[in-house]
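Have a look at the structure below, then the notes.
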C-alpha cells in the first residue's frame, strides 16, 4: 500500500466532492520510441498485496473469456501511481491530470513506448482488489477495457491519501506494447501413459496317454486393453463536485 499525505488546504477545498466514482478511457495506440522520464516521480511502483490480488482477478477473468494474460509494465505502474497520488493530493478525479496530460501522454512521460487505456476509481471503502474489480466489471466501459484483446500489459496502483475526499484511489493503465521484460508462459504439454504390451499366451505340450489317440490343449491369450488418459478440463467517469454527495457516479470518457 502506498500512503501519500497531501496538504491540509487541498483536503478542505474539495471536502464535498462525491464519495465514490470510477472512470474509463480506452485507446489502442501503436508503439513508439520510449521518451525520457518527465514529471513521473512516485513514492513506490512495486505491487502491494491488493494490487497483486487485482492482477490475479483480472487475468483469471480474461482467461474465462478467452483473453491472454496481462503482464506488469514497470513504466505503466509508475504512470498509474503518479495519477493516483496526484488525484488524492490535489483533490480531483479525472483522466486529465493536474499537469493537463492525457493517459497516453502521462504514460510516455513515465517511459512507456506507446499510448495507454485507463480505468480509475475512488471511494472511501474501496480498499480491496475485489471491491474495485467488481465495480469495474459491472460497468460496461470499464469492463471493455479489462477484456480488450489488444492489451498486453497493465500498470496497477492503489493509493490511500489520508484525509482526502475519497481516501482510496485506484488507477489501472493498459498498453498494447509489451515492455514487461517477462517471457510469455510456455504451454503445458499433456502426457499420456503408455499402452500396456500384449501378453503372450502359453501353449500346453501334448501329453501321451495309454489310449491310442494323443490329445493336446492350447491356452487362449489376448492383449490387455489400451488405456487412454482423458485430459482434465481446465476448466471515468467524470465526478462533479456537489453539496449533496451521492454514493457513486459512473460514466465513460474518451480522449
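Once you have the Cα-Cα distance between residue 64 and residue 144, take 0.36 nm times their residue separation minus that, and quote the gain in nm to one decimal. Before the final figure, lay out each step's value.
Numbers: separation 80, 0.36 × 80 = 28.80 nm, distance 1.43 nm.
Using 0.36 nm per residue and subtracting the Cα-Cα distance, I get 27.4 nm.
Would you please put 168-177, 48-57, 102-111 in order of how densely packed they are, using the mean number of other Cβ atoms within 10 angstrom per residue and starting with the highest? Don't skip to the end; give the middle numbers.
Details: 168-177: 27.6, 48-57: 17.2, 102-111: 24.5.
Going by the mean number of other Cβ atoms within 10 Å, highest first, we get 168-177, 102-111, 48-57.
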Worksheet item: Which order do peptides 81-90, 131-140 fall in by mean Cβ count within 10 Å, highest first?
Response: 81-90, 131-140
Item to complete: Using the number of other C-beta atoms within 10 angstrom as an exposure proxy, rank 60, 178 with the fewest first.
Response: 60, 178
Worksheet item: Most exposed first by the Cβ proxy, i.e. fewest other Cβ within 10 Å, how do 61, 112 rank?
Response: 61, 112
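If we sort 120-128, 153-161, 69-77 on the protection proxy, mean other Cβ atoms within 10 Å, highest first, what's the order?
In decreasing order of mean packing, 120-128, 153-161, 69-77 become 153-161, 69-77, 120-128.
Here, each number is a calculation from the coordinates, and none is a lab measurement. None of these values were measured; they are calculated from a predicted model. Virtual Cβ from ideal backbone geometry, glycine too; neighbours counted across all protein chains shown.
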